[in-house]
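Here the structure comes first, spelled out in structure tokens, and everything after it is commentary.
No lab work stands behind these numbers, since they all come straight from the coordinates. Note that the coordinates shown come from a computational prediction; the quantities given were computed from them, not determined experimentally. Counting neighbours? That spans all protein chains shown, and the Cβs are built from the backbone with ideal geometry, glycine included.
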Amino acid sequence: MKKVSILVPCYNEEGILPVLYDRLSAIINNISGYEWEILLVNDGSRDNTLEVIRSLRDKDRRVSYVDLSRNFGKENAMLAGFDYVTGDCTVVMDADLQDPPELMPQMLEYWEQDFDDIYAKRIHRGKESWLRKRFSLMYYNMLKKTTKIDILQNVGDFRLLDKSCIETLKKLRETERYTKGLFCWIGYRKKEIVFERGNRLTGQSAWNFKSLFNLAVEGLTSYTTAPLRISTIIGLIVSLIAFIYGSYIWIKTLLYGDPVQGYPTTMVVILFLGGIQLLSLGIIGEYLGRIFNETKGRPPYVAREYNGKKVL
């Protein structure tokens, strides 16, 4: 009998987990022919998420859990889940139920048709501000145009992955992770499912503007060197303009002399060039910072407990 794992990263989700479990149980109890595992990864929650997970484990042995030693972020929590899932395929989803688990039967149908990655594409992004939606669309458009891989728009982490995909993702151990890009990078045979995204049922999302901005920078610096190239192009253009302007000043001085003037122009040029230099150094610094973190060789996460047993 084939085994299906459901992977759910959890961070401060004590209020939604009982509802999530009831929804999942109602679905998997009506799907015959499969063995099931619900793997909950506690990503260093500060509320009673771990206690709720343990109570679910006591009630239903299909529930497994991994408790991380601290908050390592959703990307690394997913990697922990990939390391511990035992199914022939894995459904990755968030705990907030914005992505409906009722799509799992359809995902399984496509999986049985030999698709490896069945991803859910959102028709709309749910309850989000207009500004956040616009920034998201602009970001994905920019990422798609600057990378050599096909980044999927309006597609999150909600998907079914064959075991072959999971095994490949487990080999990618970088600490600076952008999993949405990794899903595209690994390739495999993909299938799209379109759905209406709902609103979060309880609590508030941990993804504020700062977190989303950091994730966007992560995606750009992980999958494209376009910012470095843009910095180079801007430097060449500015150098060309400076050369032309310098030639103009030199010719003007030869023809008309050199009266004391041009202080505002000089300051504008100095500030402009200084700004370009700082921007370029900042872009280079982002890449160097990621190189620095990767060269440390630290594990992406530390697991403290698995199903009640300490991880050594």
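Residue by residue, the range 56-62 carries 3J(HN,Hα) couplings of 5, 5, 5, 7, 9, 6, 6 Hz when phi is fed to the Karplus relation 6.51 cos²θ - 1.76 cosθ + 1.60 (θ = phi - 60°); x denotes Gly or Pro.
Between the amide H of L39 and those of I6, L7, V8, S64, distances stay under 5 Å, these residues lying 5 or more places away or on another chain, with hydrogens modeled in the peptide plane. Extending 7 Å from Cα along the Cβ direction at K121 and again at Y188 yields two label points whose distance is 1.9 nm. From the backbone phi of the range 176-189, what are the Karplus-calculated ³J(HN,Hα) couplings (6.51 cos²θ - 1.76 cosθ + 1.60, θ = phi - 60°) in whole Hz, Gly and Pro given as x? In residue order, the calculated couplings are 8, 9, 9, 5, 4, x, 5, 4, 6, 5, 6, x, 6, 7 Hz.
As a calculated quantity, the FRET efficiency between Y287 and I237 at R0 = 22 Å, using C-beta atoms, amounts to about 0.55. For the range 58-121, applying the loop criterion from DSSP together with a ceiling of 14 other beta carbons within 10 Å to the trypsin sites (Lys or Arg not before Pro) yields R61, R70. With a simple spin-label model that places each label point 7 Å from the Cα along the Cα-to-Cβ direction, the separation between L273 and N307 comes to 6.6 nm.
Using the Cβ-Cβ distance between F195 and K3 with R0 set to 30 Å, the FRET efficiency works out to roughly 0.75.
If the segment from K296 to S69 were pulled out straight at 0.36 nm per residue, it would be longer than the present Cα-Cα gap by 79.8 nm.
Grab the Cα-Cα distance for Q106 and K59, subtract it from 0.36 nm times how many residues apart they are, and report the gain in nm with one decimal.
Here the segment from Q106 to K59 would lengthen by 14.2 nm.
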